[in-house]
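Trainee: So that we are looking at the same thing, I have put the structure below in structure tokens.
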Amino acid sequence: MRDAFLIVGQVMHERLRPVHNRFVYPVFCLRFNVDKLAQLDQWWFGVDRPHLIGLRSQDHGEGRPGPWMRSVLAEAGIAADGEIWLQTFPRVFGYVFNPVSFWYCYDAAHNLVALLADVRNTFGERHRYLLTAPGKAPIKPDDVLQCQKVFHVSPFCEVEGRYAFRFRDSDRFAFVGIDYHDAQGLLLKTAIGGRCLPFDMQHVWRALFKQPFLTFGVVVRIHIQAFRLWRRQLPFFHKPAPPHQPLSHSHSEGSHA
């Protein structure tokens, strides 16, 4: 199906200091055209209904993914006349937790003009970072898009510093890299990537059978890694109040590598 594809790969997370901690876990996710969400509904994949695996509009864009994202773009003065694709974990056995979902926003000429990182923490809070290149120019594969960190995610990191995002796609692979810099420099490196496969019953159910507890496992692994860091006596920072604004923009409108 041309309106969606499956990404099967892994997530890597590496802390550089004050102790080194690195882990790699297998994951799979979907990327789909938000305006064609209803068309993804099949007997083997559910949209806005109970199913072993599927998607719910209520999980994304205040329940109206396409119109909501276009309103965000319009308010930011960004062309909202092209396709919008969302990369996210599906619901598995009715449950989902997305630490971060990515919205890929194109103009009418199919230039990538904005990306939105929808970040959630395990406290039930969320914040969105709208990323653009300098001057809102088309985003190129070698661009590094930066924004200030304003949202609490890990109790082992303060709410300070900045994120640097890299997005690279090809016909066969998809990749997102996120580097987090605090006041002392680079602290965390995260990479999410994998093979792009057709959205069909064979590939989706094969991924499901290999990782039947995908989204539940994400939460379990977050807490396992937190426990390991706590045992290694990393400084612990209490959660501050979330930012008043639910959305923030690129720092200095992004930057090039």
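Trainee: With respect to L229, determine if the residue is assigned to a strand (DSSP E or B), hydrophobic (A, V, I, L, M, F, W, C), touching a Phe, Trp or Tyr at 6+ places or on another chain (Cβ under 6 Å) and more than 19 Å from V96 (Cβ to Cβ).
Mentor: Values: assigned to a strand (DSSP E or B): no; hydrophobic (A, V, I, L, M, F, W, C): yes; touching a Phe, Trp or Tyr at 6+ places or on another chain (Cβ under 6 Å): yes; more than 19 Å from V96 (Cβ to Cβ): yes.
Taking the combined requirement at face value, the residue does not satisfy it.
Trainee: Can we say A226 is over 24 Å from I53 (Cβ atoms), more than 21 Å from the chain's Cα centre (by Cα) and among the hydrophobic types (A, V, I, L, M, F, W, C)? Before the answer, list the steps.
Mentor: Values: over 24 Å from I53 (Cβ atoms): yes; more than 21 Å from the chain's Cα centre (by Cα): no; among the hydrophobic types (A, V, I, L, M, F, W, C): yes.
No, not satisfied.
Trainee: Which one is surrounded by the most Cβ atoms within 10 Å (Cβ to Cβ) among residues in segment 5-31 that are more than 16 Å from the chain's Cα centre (by Cα) and in a strand (DSSP E or B)?
Mentor: Checking each candidate, the answer is R15.
Trainee: State which residue is farthest from the chain's Cα centre (by Cα) when the search covers only segment 181-196 and only residues that are farther than 21 Å from P141 by Cβ and buried (at least 18 other Cβ atoms within 10 Å of the Cβ).
Mentor: L187
Trainee: Could you tell me which residue of segment 144-178 is modelled with the lowest pLDDT, considering only residues that are under 25 Å from F28 (Cα atoms) and acidic (D, E)?
Mentor: Among those residues, the one meeting the criterion is D171.
Trainee: Hey, can you tell me all the residues within segment 238-257 that are among the hydrophobic types (A, V, I, L, M, F, W, C) and either at pLDDT below 90 or exposed (fewer than 14 other Cβ atoms within 10 Å of the Cβ) (or both)? Can you show your working first?
Mentor: So the first thing to find is which residues in segment 238-257 are among the hydrophobic types (A, V, I, L, M, F, W, C), and the list is 241, 247, 257.
Listed by number, the residues that qualify are A241, A257.
Trainee: For segment 65-72, check the following and say yes or no: at least one residue is in a helix (DSSP H, G or I), touching a strand residue (DSSP E or B) at 6+ places or on another chain (Cβ under 6 Å), touching a residue at least 12 places away in the same chain (Cβ under 8 Å) and surrounded by 20 or more Cβ atoms within 10 Å (Cβ to Cβ).
Mentor: Yes, segment 65-72 contains at least one residue that is in a helix (DSSP H, G or I), touching a strand residue (DSSP E or B) at 6+ places or on another chain (Cβ under 6 Å), touching a residue at least 12 places away in the same chain (Cβ under 8 Å) and surrounded by 20 or more Cβ atoms within 10 Å (Cβ to Cβ).
Trainee: Anything in segment 98-119 that is in contact with a strand residue (DSSP E or B) (Cβ under 8 Å, 6 or more places away or on another chain), in a loop (DSSP other than H, G, I, E, B) and within 22 Å of I7 (Cα to Cα)? List them, or say none. Show your work before the answer.
Mentor: Applying the first criterion (in contact with a strand residue (DSSP E or B) (Cβ under 8 Å, 6 or more places away or on another chain)) to segment 98-119 yields 98-107, 112-119.
So of that shortlist, the ones also in a loop (DSSP other than H, G, I, E, B) come out as 98-99, 107.
Correct list: N98, P99.
Trainee: Oh, and also: Of all residues in segment 172-218, count the ones that are of a type in the set (K, R) and assigned to a strand (DSSP E or B).
Mentor: Residues in segment 172-218 being of a type in the set (K, R) and assigned to a strand (DSSP E or B): 2 in total.
Trainee: If you take the residues of segment 47-64 that are in a helix (DSSP H, G or I) and at pLDDT 95 or above, which of them is surrounded by the fewest Cβ atoms within 10 Å (Cβ to Cβ)?
Mentor: So the residue we want is Q58.
Trainee: Scanning segment 120-171 for residues that are part of a loop (DSSP other than H, G, I, E, B) and of a type in the set (K, R), which turns out surrounded by the most Cβ atoms within 10 Å (Cβ to Cβ)?
Mentor: In this case the residue turns out to be K149.
Trainee: Looking at segment 1-51, which of its residues are of a type in the set (K, R) and under 30 Å from D179 (Cβ atoms)? Can you show your working first?
Mentor: First, pick out the residues of segment 1-51 that are of a type in the set (K, R): 2, 15, 17, 22, 31, 36, 49.
Selection gives R15, R17, R22, R31.
The values are calculated or read from the model by the stated rules, or taken from the named source; none is laboratory data. For clarity, every value in this text was computed on a predicted model and none was experimentally measured. Cβ sites come from the backbone with ideal geometry, for glycine too, and all protein chains shown count toward neighbours.
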